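Report on one structure; see the data block that follows.
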Amino acid sequence: MSKVFALVDCNNFYVSCERVFNPRLAGKPVIVLSNNDGCAVARSNEAKALGFRFGVPVFEIQALIKTHDIQVYSSNYALYGDMSRRVMETLAQFAPEMEIYSIDEAFLDLSDLPGDGLTEYGRRIQAAVRQWTGIPVSVGIAETKTLAKIANRLAKQSEKTGGVLNLTASPLQDRALAEVEVADVWGIGRRYAEFLKKSGIINARQLRDADREFIRGRMGVVGTRMQQELKGCCCYPLEENPPVKKGITVSRSFKAGVESLAQLNEAVAAYVSRGAEKLRKENVAAGVLMVFLMTNRFKQERYYCNLETIRLPVPTSDTAELIHYAGEGLRAIYRRGYCYKRAGVMFKDLVSAGPIQAGLFDDRDRRRSKKLMQTLDRINTQMGAGTLLYAAAGLGKGQRWRTAFKKRSPAYTTNWAQLPTVT
């Protein structure tokens, strides 16, 4: 049986999440900012029409924001994460197999459905997600994941499609591929795009029809698979189980420069706490811990950047133990007299948190540590993130390293105290 995939992608996801709980934003230009309210990372269609680019720094567009009455929001990851979960739970009811590709898009396997009903089924998916979550989505349907990505892209751009485009056995497939620039084909990076354009391959149709040996010689098996996918031959099946992570990084830019070692210690301890939670959630332990810090390289002052690598005596996900070693690493690279702008931690050499080879001289009570971390995670899950935290991460206000979210909307769906009210 030939394969059929649907790519369901949320439209302007961060902005759409804000609009679900604030309907007055409908039809208005809206942008959502990155950490520390630095850059525009999500834009409504109205904001895009005004020329707001992805990633543009806010200080460059302050006048335009005021002139056009742009609605500006800080990132609200608690809200976006929970809304993503609701969308994915809805989609799971429409296909026997599904791959969650990112926070706002997923591939569905529709191979069992009759070909003449695919478009209508896509509209049912679109309507159900909108009704049950409030999030608008576009649906692209095709024989391969690469073609489904292209169908989804065109569905978003064309009002005639109504947000659903089915390219399976479609006479319009040639025309559709000709309208997509080769740089926008799934898997084509900047360097491949430059090479293909220099070779006269401008759009997806030309890439599909290019000489196979030429593509194989310059792009290897990756290029060959792209060609096959564009021809409708499935090379990439659904990945229902995401691959095991090779590393976890937690890093933030500070809202203001930090000079003191004490404040840097707090920041690193907070990042370690977050990273350790992720380790335990993935059921892995870290064998290597890396700590780094840097000053602002865009300012005309002495630039300093350094990193310390610590091989842990026993792989661990214990927050307190990791904070201890991270503190040692930070003291090794800290230099007085610099104004630091960013710090972070990286966990490498991840191993299963199941049976772990104990160290000969390890005197830590690992069983007790595991129970303590399980209790910590359980309480924070039930009572809210940060209910229990290590004092090393700092308890006071005015921490210059804390990420700024001055325009963040309430956590409508994850905090009892911030539930929306109806009057």
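The values are calculated or read from the model by the stated rules, or taken from the named source; none is laboratory data. The shown structure was predicted, so the numbers you read here are calculated from the model rather than taken from an experiment. Glycine also receives a Cβ, built like all others from the backbone with ideal geometry; neighbour counts cover every protein chain displayed. For the accessible areas, the whole protein counts, side chains as well, though only heavy atoms, and no ligand, DNA or RNA atoms are used. Shrake-Rupley method; radii C 1.70, N 1.55, O 1.52, S 1.80 Å.
If you go through segment 136-151, how many residues are open to solvent by 10 Å² or more (accessible area, probe 1.4 Å) and farther than 15 Å from Trp186 by Cα? I'd like the intermediate steps shown before the answer.
The initial filter retains those residues of segment 136-151 that are open to solvent by 10 Å² or more (accessible area, probe 1.4 Å), namely 136, 143, 149.
Filter again for farther than 15 Å from Trp186 by Cα, leaving 136.
Residues flagged as open to solvent by 10 Å² or more (accessible area, probe 1.4 Å) and farther than 15 Å from Trp186 by Cα within segment 136-151 amount to 1.
In segment 23-70, which residues are closer than 30 Å to Trp401 by Cβ and in contact (Cβ under 8 Å) with a residue 40 or more places away in the chain?
Hits for segment 23-70 are Val30, Ile31, Val32, Leu33, Ser34, Asn35, Asn36, Asp37, Gly38, Ile70.
So Ala270 passes all but one of these: (1) over 25 Å from Phe361 (Cα atoms); (2) open to solvent by 10 Å² or more (accessible area, probe 1.4 Å); (3) of a type in the set (A, V, I, L, M, F, W, C); (4) over 27 Å from the mean Cα position of the chain (by Cα). Which condition number does it fail?
In the conditions (1) over 25 Å from Phe361 (Cα atoms); (2) open to solvent by 10 Å² or more (accessible area, probe 1.4 Å); (3) of a type in the set (A, V, I, L, M, F, W, C); (4) over 27 Å from the mean Cα position of the chain (by Cα), Ala270 misses (4) alone.
Can you find a residue that is among the charged types (D, E, K, R) and over 16 Å from Asp349 (Cβ atoms) anywhere in segment 282-293?
No, the conditions are met nowhere in segment 282-293.
Mind telling me which of the residues Leu172, Leu207 ends up being hydrophobic (A, V, I, L, M, F, W, C), open to solvent by 30 Å² or more (accessible area, probe 1.4 Å), out of contact with any Ser or Thr (no Cβ under 9 Å at 6 or more places or on another chain) and over 28 Å from Ser44 (Cα atoms)?
Details: Leu207 fails: open to solvent by 30 Å² or more (accessible area, probe 1.4 Å).
When all the criteria are applied, what remains is Leu172.
Exactly one condition in (1) in a strand (DSSP E or B); (2) modelled with pLDDT of 95 or more is false for Ala326; which is it?
Only one criterion in (1) in a strand (DSSP E or B); (2) modelled with pLDDT of 95 or more is unmet by Ala326, namely (1).
Can you name the helices (runs of 4 or more DSSP H) wholly within segment 140-250 that have at least 3 residues being among the small types (Gly, Ala, Ser)? Break it down stepwise before answering.
On the way: elements: 145-157, 173-178, 190-198, 204-209, 212-230.
Of the helices (runs of 4 or more DSSP H) lying wholly inside segment 140-250, those with at least 3 residues that are among the small types (Gly, Ala, Ser) span 145-157, 212-230.
Pairs, please: C-beta under 8 Å, at least 6 apart or cross-chain, first residue closer than 14 Å to Ala286 by Cα and in segment 245-256, second open to solvent by 40 Å² or more (accessible area, probe 1.4 Å) and part of a strand (DSSP E or B)?
That search, which allows pairs on different chains as well, returns Lys246/Lys348; Gly247/Lys348.
Exactly one condition in (1) open to solvent by 60 Å² or more (accessible area, probe 1.4 Å); (2) assigned to a helix (DSSP H, G or I); (3) more than 26 Å from Val291 (Cβ to Cβ) is false for Arg331; which is it?
Of (1) open to solvent by 60 Å² or more (accessible area, probe 1.4 Å); (2) assigned to a helix (DSSP H, G or I); (3) more than 26 Å from Val291 (Cβ to Cβ), only one is false for Arg331: (3).
Confirm whether Lys406 is modelled with pLDDT under 95 and under 22 Å from Asn76 (Cβ atoms).
yes
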